[in-house]
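This report refers to the structure that appears directly beneath it.
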Amino acid sequence: MPRLTKDDTHPVRFTLNGRPVSVRVSPRTLLTDALRHEIGATGTHVGCEHGVCGACTVQVDGEPARACLMLAQQAEGCAIRTVEGLGKSDALTPLQEAFREHFALQCGFCTAGILMTLDALFSRQPDAEEDAIREALSGNLCRCTGYAPIVQAALAARNRIKGGPIDA
Ligand code: FES
Ligand code: FES
C-alpha cells in the first residue's frame, strides 16, 4: 500500500477547549490520534480503540463521544472539549475535587473519560440521581475501583454543583 504524503492530508478546524485549532490529517486519522499525536493533548486516553472501554471519551458540542470511533475530519466546525478543558491542578472543578476527596481513581487510566462523561451529564441534568449517574457511566469501564467511589464522588460533586455540601 502506498504511503500517505502531505498531499493526502487535509486541514480540519475545530475548537479545542474553547481555542480554535487547525490540523492537517489524513482521511483515516482518528480524533484520538489527532488530539494526542498532532496537537499533543494527551489527556484523552486510548484503551481498546474499538468503542468499548470509554477511556477516550471527549465532548463534541457538549455531548460525550468516543474519540476512537470518530474520524478527525468529522470534528470540522465542532466544539471539542477534553479533560484539559476542565480545571487546573490549582483550581479543580467540583467534580475533579470530589474525585480526589473520595479516592475515585487508582491507576487513573479511565478517569479522563469518566470525568468528561459526568461533566456532560451534570451540564444537562444537574440534579441527576444515582440511577442516572450509573446509566451515564455504563459505557466507561474501570478495572480498578469497583465503581463505588466513582459514584460516591459523582453524587458529592452533584451536591456541590447544586450549592449544597460536598458530602453525598
Ligand atoms: S479507546 Fe475508545 S472506547 Fe476504548
Ligand atoms: S482507576 Fe484504573 S481503570 Fe479506573
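Scan segment 1-26 for residues that are at pLDDT 95 or above, in a loop (DSSP other than H, G, I, E, B) and surrounded by fewer than 13 Cβ atoms within 10 Å (Cβ to Cβ) and the total you get is 1.
Of all residues in segment 82-109, those satisfying the criterion of being touching a residue at least 40 places away in the same chain (Cβ under 8 Å) and within 16 Å of ligand 1 (Cβ to nearest atom) are T82, V83, F109. Taken as a whole, segment 54-62 holds no residue that is open to solvent by 40 Å² or more (accessible area, probe 1.4 Å), away from ligand 1 (no atom under 16 Å from the Cβ), more than 15 Å from A153 (Cβ to Cβ) and in a helix (DSSP H, G or I). Test A79 against the stated conditions and say whether it is in the same structural domain as P11 (by TED's automatic domain parsing) and among the aliphatic types (A, V, I, L, M). Spelling it out, A79 is indeed in the same structural domain as P11 (by TED's automatic domain parsing) and among the aliphatic types (A, V, I, L, M).
Within 18 Å of C53 (Cα to Cα) and assigned to a loop (DSSP other than H, G, I, E, B): does that describe A136? No. Residue count for segment 151-168, restricted to those that are touching a Lys or Arg at 6+ places or on another chain (Cβ under 7 Å) and modelled with pLDDT under 95: 1. Checked against (1) under 20 Å from A112 (Cβ atoms); (2) open to solvent by 70 Å² or more (accessible area, probe 1.4 Å); (3) of a type outside the set (D, E), G47 passes all but condition (2).
How many residues are over 23 Å from C142 (Cα atoms) and either in contact with a His (Cβ under 8 Å, 6 or more places away or on another chain) or surrounded by fewer than 20 Cβ atoms within 10 Å (Cβ to Cβ) (or both) if we restrict to segment 63-76? So that I can check it myself, show each step before the final result.
First pass over segment 63-76, keeping only residues over 23 Å from C142 (Cα atoms): 71-76.
Of the ones still in play, those that are also either in contact with a His (Cβ under 8 Å, 6 or more places away or on another chain) or surrounded by fewer than 20 Cβ atoms within 10 Å (Cβ to Cβ) (or both) are 71, 73-74, 76.
The qualifying residues number 4.
The values are calculated or read from the model by the stated rules, or taken from the named source; none is laboratory data. Remember, it's a predicted structure, so these values are computed and weren't measured experimentally. Neighbour counts are summed over all protein chains in view; Cβ atoms, including those assigned to glycine, are modelled from backbone coordinates with ideal geometry. We work out accessible area using only protein heavy atoms, side chains counted, and drop any ligands, DNA or RNA first. Shrake-Rupley method; radii C 1.70, N 1.55, O 1.52, S 1.80 Å.
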